[in-house]
1. So which of B:GLY50, B:GLY38, B:GLY110, B:GLY27 is without any contact (Cβ under 8 Å) to a residue 12 or more places away in the chain and not polar (S, T, N, Q)?
2. Please specify each residue of the stretch A:232-253 satisfying the condition of being facing chain B (nearest Cβ under 7 Å) and farther than 25 Å from A:THR284 by Cβ.
3. Whether any residue in the stretch A:202-215 is under 16 Å from the mean Cα position of the chain (by Cα), among the hydrophobic types (A, V, I, L, M, F, W, C) and more than 7 Å from chain B (Cβ to nearest Cβ) is what I want to check.
4. Working carefully through the options A:GLY136, A:GLY111, A:GLY129, find the one that is assigned to a helix (DSSP H, G or I) and either more than 14 Å from every other protein chain (Cβ to nearest Cβ) or among the charged types (D, E, K, R) (or both).
5. Within the stretch B:183-199, can you find the residues that are more than 7 Å from chain A (Cβ to nearest Cβ) and surrounded by 24 or more Cβ atoms within 10 Å (Cβ to Cβ)?
6. Please pick out the residue among A:SER283, A:SER263 that is polar (S, T, N, Q), more than 10 Å from chain B (Cβ to nearest Cβ) and farther than 23 Å from A:LYS165 by Cβ.
7. Name the one entry in B:GLY220, B:GLY268, B:GLY279 that is at positive phi and either part of a loop (DSSP other than H, G, I, E, B) or away from chain A (no Cβ under 14 Å) (or both).
8. Suppose we keep only residues that are in contact with a helix residue (DSSP H, G or I) (Cβ under 6 Å, 6 or more places away or on another chain) and over 12 Å from B:PHE181 (Cβ atoms) within the stretch B:211-223. Which one would you say is surrounded by the fewest Cβ atoms within 10 Å (Cβ to Cβ)?
Amino acid sequence: MLSRSVASAVSPVSSSSLLQNSKPIFCLKTLSGYRSSSFCGGSIRKINHKRLRMTSSTMTPRAMATQQLENADQLIDSVETFIFDCDGVIWKGDKLIEGVPETLDMLRAKGKRLVFVTNNSTKSRKQYGKKFETLGLNVNEEEIFASSFAAAAYLQSINFPKDKKVYVIGEEGILKELELAGFQYLGGPDDGKRQIELKPGFLMEHDHDVGAVVVGFDRYFNYYKIQYGTLCIRENPGCLFIATNRDAVTHLTDAQEWAGGGSMVGALVGSTQREPLVVGKPSTFMMDYLADKFGIQKSQICMVGDRLDTDILFGQNGGCKTLLVLSGVTSISMLESPENKIQPDFYTSKISDFLSPKAATV
Amino acid sequence: MAPQLLSSRNFKSLFDSVDTFLFDCDGVIWKGEKLIDGVAQTLDLIRSKGKNLVFVTNNSVKSRRQYAEKFRSLGVPSVTQDEIFSSSFAAAMYLKVNNFHKDKKVYVIGGEGILEELQIAGFTGLGGPEDGEKRAQWKSNSLFEHDKSVGAVVVGLDPNINYYKLQYGTLCVRENPGCLFIATNRDAVGHMTDLQEWPGAGCMVAAMCGSTEREPIVVGKPSTFMMDFLLQKFGTETSRMCMVGDRLDTDILFGQNAGCKTLLVLTGVTSESNLLKEGNEIEPDYYTSTVSDMMKLMESP
């Protein structure tokens, strides 16, 4: 049974902070194995899929109701660091959200530390740094923590041997971060071109030195990669199965939702019957990492995000204050729906509400 | 009760108490494109003793007609289409018994077999193998379109899985009101070739669960949905049936759920140690190495 990560000033990044099965609590029903449909009315025994361990009890969302942010100054003064999600908070697709540059400047002028934590693994920190720059924002690469970076940082934290390899089902961002961290990798977008033919006598070989398979959002996903990753996980002793994140959908373009990393990770869970170690939100790995790196107390942090089951849960799991913005995927009706169990401390329409002294209209 | 190794001591009582033998295919009858040794003769011998044969496969890549063709090409021409219950057929039948409207469409992440069975049942299928060639575009001003009249997404084994199909299926399930999410089966791996295991439909289905945050309706084993059709055809009781399969969590569970006797063979995905290890909760009534052991037991005095 995994223990909930404890906010401790002392501990460096430890594996207990890595939630093994960080699926959001209201997706609980997807964890319980498949229900076999009983159309002929007979009594059906539920399948006991041991692989799907129920770890939801480790993530108990706060039960207290959320409040609309009325006094932004009070919130700002009460914390030292703001962690911002990116998609739906800072930008939407390639468009900056209104009022963002002034808000970030104001917070910096007040001496606040700013950190950006995104589950999007397609780019490296350096590439994100460029995106911020292109949008006219003053953000340093060292302030950005993408889940691509998190995967490499995790492997470093466990002293993953440099003579072992990493098989990547994901995009360039992951490859770049692994390279920067000095790890050998295989796979990535190029394997999207590989075809297989299922005929007699055909055997797919795989590298026995692969010690970890990292799975993230992958627009070049195919059967070759699934099989390669599956063989490594099932047959290489001790091979790790790491997921950058499990977001169901993502805003690749601002106009609509797109199937997210949760899909690719789901595929590997389906074929290996194993649950991955998740390094991205809502796992607190990145929170522990940056708290340790910058020497920050978690109670001095406010997490600002647009998604309840990743951003807000991340903040709550880490013991920080949480602020939901409605400029992204979550609407007020979703927040207030009786089915929603995740209650951020505050909510507001967008981060530039920090600039107005009174409560913004939501 | 612990599974009994099939032997001359228990075979006769099993054989005499059963009118219909249900066989899984992958790992029992064939492995990829190779018939397992002794299977053809064993099936003929069982038939000659007056028993019925039925083939229940979770593999949705082919239709019943295509499976009959496979049997014929592998040297078992006696097996007819009517004796085969593939999960591709099950998906089409599920829509039929639930009165799926003919003006709604079905998006298929899977093989030809599903499209063919849908067509035979009078439904309009979209997607399937040809969407394996399609690529999604993600520019600011372009929208990934999907047919709003899709009322069901059927997901099965798809070696041509790609992002386009996952996105299409995801949008249908998430955005078309009342859209059904049907899985032909959820087998994790299978012997798609004779030399090794490959990811099964369980993989594509789980990918869709990951993006839709929904659980599918499963029509293949271990769901007993297909059993309804079998019972209609043979008018027999399930207690006089024996399910022969290689996989505990689909074949054997299917048999147990329906009240049949169960026999596990070790020519497929399950080894003797998997079966007998502590922690395994699915125990067949009997087990044996291979289907042709039945022939030896039938012939011995």
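No value in this document is a laboratory result; all are computed from the given coordinates. All of these numbers come straight from a predicted model, not from anything done at the bench. Glycine gets a Cβ as well: all are built from the backbone with ideal geometry, and neighbour counts include every protein chain shown.
1. Details: B:GLY38 fails: without any contact (Cβ under 8 Å) to a residue 12 or more places away in the chain; B:GLY110 fails: without any contact (Cβ under 8 Å) to a residue 12 or more places away in the chain; B:GLY27 fails: without any contact (Cβ under 8 Å) to a residue 12 or more places away in the chain.
Checking each option against the conditions leaves just B:GLY50.
2. A:LEU252, A:THR253
3. Taking every residue of the stretch A:202-215 in turn, at least one turns out to be under 16 Å from the mean Cα position of the chain (by Cα), among the hydrophobic types (A, V, I, L, M, F, W, C) and more than 7 Å from chain B (Cβ to nearest Cβ).
4. A:GLY129
5. To start, the set of residues in the stretch B:183-199 that are more than 7 Å from chain A (Cβ to nearest Cβ) comprises B:183-185, B:187, B:190-191, B:197.
Of everything in the stretch B:183-199, those that are more than 7 Å from chain A (Cβ to nearest Cβ) and surrounded by 24 or more Cβ atoms within 10 Å (Cβ to Cβ) turn out to be B:ALA183, B:THR184, B:ASN185, B:ASP187, B:GLY190.
6. A:SER283
7. B:GLY279
8. For the stretch B:211-223, the residue satisfying everything is B:PRO222.
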